[in-house]
1. Restricting the search to the stretch A:298-322, which residues are open to solvent by less than 20 Å² (accessible area, probe 1.4 Å) and modelled with pLDDT of 95 or more?
2. Output the number of residues of the stretch B:566-576 satisfying the condition of being more than 8 Å from chain A (Cβ to nearest Cβ) and surrounded by 22 or more Cβ atoms within 10 Å (Cβ to Cβ).
3. Among the listed residues B:T255, B:T234, B:T248, identify the single one that is more than 16 Å from ligand 2 (Cβ to nearest atom) and over 16 Å from B:K467 (Cβ atoms).
4. Pick from A:S49, A:S41: which is under 20 Å from A:P73 (Cα atoms), at the interface with chain B (Cβ under 7 Å from one of its Cβ atoms) and not in a loop (DSSP other than H, G, I, E, B)?
5. Check every one of the strands (runs of 3 or more DSSP E) wholly within the stretch B:426-503 and list those with 3 or more residues that are over 24 Å from the mean Cα position of the chain (by Cα) and more than 14 Å from chain A (Cβ to nearest Cβ).
6. Kindly provide the set of residues from the stretch B:536-559 that are facing chain A (nearest Cβ under 10 Å) and within 24 Å of A:G36 (Cβ to Cβ), ordered by number.
7. Only one of A:L178, A:L196, A:L204 is within 14 Å of chain B (Cβ to nearest Cβ), away from ligand 4 (no atom under 16 Å from the Cβ) and assigned to a helix (DSSP H, G or I). Can you tell me which?
8. Quickly run through the stretch B:558-580 and pick out the residues that are more than 12 Å from B:Q492 (Cβ to Cβ) and within 16 Å of ligand 4 (Cβ to nearest atom).
Amino acid sequence: MSYIPKPKVSHPGLAKNKLGLTIRDYEGGLSTLCAGCGHDSITAAIIKSCFELSIEPHRVGKMSGIGCSSKTPGYFLSSAHGFNSVHGRMPSVTTGANAANRNLTYLAVSGDGDTASIGIGQFAHVIRRKLNMLYIVENNGCYGLTKGQFSATADVGSKSKRGVANEMDPIDPAAFALQMGAGFVARSFSGDKDQLVPLIKAGLNYNGFALIDVISPCVTFNNHEGSTKSYAHVRSHEAEVNVVDFIPARNEIAVDYAKGDATQVTLHDGSTMMLRKLDQNYDPENRLEALKQIQTHQMKNEVITGLLFLDPKESEMHDMISTPKKSLREFELAELCPGKEALEALNKSWG
Amino acid sequence: MPKDKIDVDYYHKVVDCQWACPAHTPVPEYIRLISERRYTEAYMVNRESNVFPGILGRVCDRPCEPACRRGRVEEEPVAICRLKRVAADYKADVSAYLPKPADKKNGKRVALVGAGPASLTVANDLAPLGYEITIYEKNDQAGGAMRYAVPMFRLPPEVLDEEIDAVLNLGVEIQYNTPVSSLKQLLSDGYDAVFVGSGAPIGRDLTIPGREQADGSVHVGLEWLANVAFEHITKINSRVLVIGGGNTAMDCCRTARRIGGNQVKVVAPESYEQMLASPWEKDDSQEERIEFINHLLPKEFVVENGQFIGVRFQKLKQCYDKDMKWDPVPSGEDDVLIECDDVILAIGQSTAFPYIEADIGIDFNDRNMPIVDSTTHQSSNPKVFFGGDAAFGPKNIIWAVAHGHEAAISIHQHLQGKDVKKRPPHGMNLVSQKMGIHQWSYSNDYSDDQRFKVPHVEVDDRIDKLKLEVELGYDEKLALEEASRCLNCDVQTVFDPPSCIECDACVDICPLSCLTIAKDEPIEQLKLILSAPVLNPEQGMLVSEPLVQTKRVMVKDEDLCVHCGLCAERCPTGAWDMQKFTLKLPKAGDV
Ligand SMILES: Cc1cc2nc3c(=O)[nH]c(=O)nc-3n(C[C@H](O)[C@H](O)[C@H](O)COP(=O)(O)OP(=O)(O)OC[C@H]3O[C@@H](n4cnc5c(N)ncnc54)[C@H](O)[C@@H]3O)c2cc1C
Ligand SMILES: Cc1ncc(C[n+]2csc(CCOP(=O)(O)OP(=O)(O)O)c2C)c(N)n1
Ligand code: SF4
Ligand code: SF4
Ligand code: SF4
Ligand code: SF4
Ligand SMILES: [Mg+2]
């Protein structure tokens, strides 16, 4: 929280994207979160990703629930559409929005409480539905907004600010999403934009359900010694399995990759992900293996990060239910309501 | 950059205006005082550095303004100079705060040649220390070129009198109408040191055909201005040509306009843009309907039947070459004759030392300038010091003041038997401005306003009034608004690497993309990966020691920081803090 508005002036040498916009054009209101909150850093990563992808801000739907994390859509893309919904209910609202207009980019921000506690049911079903969206969990292991109670993602043994250790087993949003059939699953850390930004870009371009579980320290209630979601703990326990470079469609692949150094994945829209392996044994196209690796690292007290799973088939809800390509608002009334005769003809066709 | 390199100069340079000001006036400090309507204190902060705030607030050459950071962040710099005038205009009685004459003389005598700003500054610094100061001035008034060259419609005599008197009242003896005709004599009169501040009093003449025949109608600008100032000349004919493109030309044309010249033209060989006159001087002249004619080189004063007709010019297509070296190229067109009644020459001025004998140990170079140390101002005769225009040729008032301060330090050191070359170091103070969680003891909110214009007297009301000051100065409302444009560049961002937890909050919030956390690499590598490109390599770049968690480094490009304090507000650990920098500039009394 700051008292002065952020000055509108910017560096005259700021780069412009294909739309002629600078990164400042992707900002939102000034954050009211605690100074140093990991969530603000993720906001900055989202701004950077959308700027670099030359996304038109008004073609984005920003969706969220309740929590410090869920407040953050107010801090980026001020000219985007947005819906700050009820606690844990963002997935349903997004489903409705997406059903009505599949032609926007849905960027959802949720918290670990919003997702894994109150919202776990909705979370499960939106994945099963393969809703075409990027779902970012800003995971700080606690309920920041309500003063730091353990959330369902808190690790066993992780200590609260008052020194009490959590005893309940954690839900791992990435593992959970894998089991529910998510097509794109990644984990990252708010303090590592080099890793996070390409993942957000790839997630935004993925045609299907994409989850990024971002460990995001709550500086106020969960950044102390003994917490497993603090800046220091994550930095010293991170196991990065691969590095993604995301290259949008029509961009030349400028970096030279030595043979065997990187695998190339082309997405439906022609964009490319170059995956550089840090762990040679890790295969991100193997769901079973991904689940096993997550578990294995967790048993070693390590936080596995990187692109954990990618289903190159990229299927989504509209494919399953065979809905038209157009959004609802693009239909003329006559098309939506073809009249009595059409209804009768339809009824007749069922004999 | 390791911490030890973040020194006085690093922070001083961030305060662009103060760094550029020859006397290093703490500009943001006085602008803040103006914002708080503490005009008397704002005046005294100025006086401490530049001795003549009321004068400089009107006529300073303002090297600070082109340097002002605001000019890089948006278009126009802060009106630093005219805010100085605000402090002078609205101050209360300052007599209680002015330096006092020494209680006891220290037995050392110093003679000053000339009563211009350079000598007056030396007197200001040395008299309170007990030196017996005698100024020799050839005119019957003090002030030097500020008095006889700068016209009254830019600088009213009352303003001059007040600030010069503040110096002379320090028990300084001044002998008017007393040109020094022999420096040898002066030295043998038993002075312990002599300061030469005799200025550059000789205006350049133009020796082209017809000069002698036209003598009655051709005036050397500097002399002519002095004659107007001392009221020896009160009129000029109606059609006047001013030859030259600098500030003297502007003063001549505007003066002529006020004492009879109703068709005044300024003719210069260079282009309008290349003319050395300050942009605001050109603007004011144009406003007074003075015509500018460029790319004309004077060839002949035309006299027919004993009657002066005008000046013949050759047309040029260029005046300077690419490197701005004098290289006139004729355009090939016919010469032009510009008819007129009077011509004023404003084509340069020079020093003159007819009173300095060859055998008194003062060496001169091949351009007839004394050889003077640029820091100590000492000549090859250790007792004789030079400053102001006399030292290195014509500059301006604020340089004369800066020279005066340095020369006073040297004279004091010399007369205490100390090595004048061992200069007392610049010191600094850094004080945190934190008041509460998001409260600072300075106003960190950014003003979007563009520079406010200083109100002027209507053109038609000023033309026939030689003594009427043209600029009215800011009223209080405008002054406060203009003051809020200052970015407080002296409130420095100070970084404490061990406290940083690398949360990126400062990097993300910075509106001017000044900050980057990057892998610890040589600075040239780092420059390639900053949050925004380096636009001004002159400014400082902070590279911290490696940070605790990842061993990366914090990098800050100082160039465009607007000192909004948001980095420090967003920092959860106080690794960034906003701290007010005060430059400790030594004065003669401190050494
Ligand atoms: C027309 C004009 C306009 C200017 N406008 C500006 C302006 O707007 N802003 C600005 O900053 N600067 C301006 N300047 C420049 C500025 O006035 C000088 O740079 C400054 O006054 C130099 O100060 P000084 O103390 O070195 O010498 P001066 O001010 O020249 O003073 C020297 C003094 O020494 C006296 N003197 C000379 N020889 C002797 C001798 N032998 N014995 C005794 N006394 C002697 C002279 O009479 C004079 O009083 C202008 C100059 C001119 C010519
Ligand atoms: C239906 C409902 N139940 C409870 C709450 C109270 N509440 C607000 S935010 C929150 C937890 C938020 O935690 P998380 O989603 O992790 O967000 P964070 O603040 O940690 O970013 C709770 C329980 C609520 N707002 N609505
Ligand atoms: S309480 Fe925690 S999660 Fe909420 S804004 Fe503060 S630091 Fe961030
Ligand atoms: S903004 Fe203020 S402090 Fe900064 S350079 Fe300009 S006048 Fe000086
Ligand atoms: S004060 Fe801090 S946030 Fe503001 S411009 Fe300077 S570096 Fe950036
Ligand atoms: S806000 Fe403070 S702790 Fe965070 S990166 Fe910046 S200096 Fe470090
Ligand atoms: Mg949370």
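The values are calculated or read from the model by the stated rules, or taken from the named source; none is laboratory data. No experiment lies behind these values; they were computed from the predicted model shown. With ideal geometry, Cβ positions are generated from the backbone for all residues, glycine too; neighbour counts draw on all protein chains shown. We work out accessible area using only protein heavy atoms, side chains counted, and drop any ligands, DNA or RNA first. Shrake-Rupley method; radii C 1.70, N 1.55, O 1.52, S 1.80 Å.
1. Step one: list which residues in the stretch A:298-322 are open to solvent by less than 20 Å² (accessible area, probe 1.4 Å), which gives A:304-310, A:314, A:316-318.
Of everything in the stretch A:298-322, those that are open to solvent by less than 20 Å² (accessible area, probe 1.4 Å) and modelled with pLDDT of 95 or more turn out to be A:I304, A:T305, A:G306, A:L307, A:L308, A:F309, A:L310, A:E316, A:M317, A:H318.
2. Kept after step one, since they are more than 8 Å from chain A (Cβ to nearest Cβ), are these residues of the stretch B:566-576: B:567-568, B:574-576.
Okay, now just the ones that are also surrounded by 22 or more Cβ atoms within 10 Å (Cβ to Cβ), so B:567-568, B:575-576.
So the answer is 4.
3. Working: B:T255 fails: over 16 Å from B:K467 (Cβ atoms); B:T234 fails: over 16 Å from B:K467 (Cβ atoms).
After applying the criteria, what remains is B:T248.
4. Numbers: A:S49 fails: at the interface with chain B (Cβ under 7 Å from one of its Cβ atoms).
After applying the criteria, what remains is A:S41.
5. On the way: elements: B:427-432, B:434-436, B:491-495.
The qualifying strands (runs of 3 or more DSSP E) are B:427-432, B:491-495.
6. Passing the criteria: B:V548, B:Q549, B:T550, B:D557.
7. Numbers: A:L178 fails: within 14 Å of chain B (Cβ to nearest Cβ); A:L204 fails: within 14 Å of chain B (Cβ to nearest Cβ).
Going through A:L178, A:L196, A:L204 in turn, the sole match is A:L196.
8. Of all residues in the stretch B:558-580, those more than 12 Å from B:Q492 (Cβ to Cβ) come to B:559-560, B:562, B:564, B:566, B:569-575.
Answer for the stretch B:558-580, where residues must be more than 12 Å from B:Q492 (Cβ to Cβ) and within 16 Å of ligand 4 (Cβ to nearest atom): B:D559, B:L560, B:V562, B:C564.
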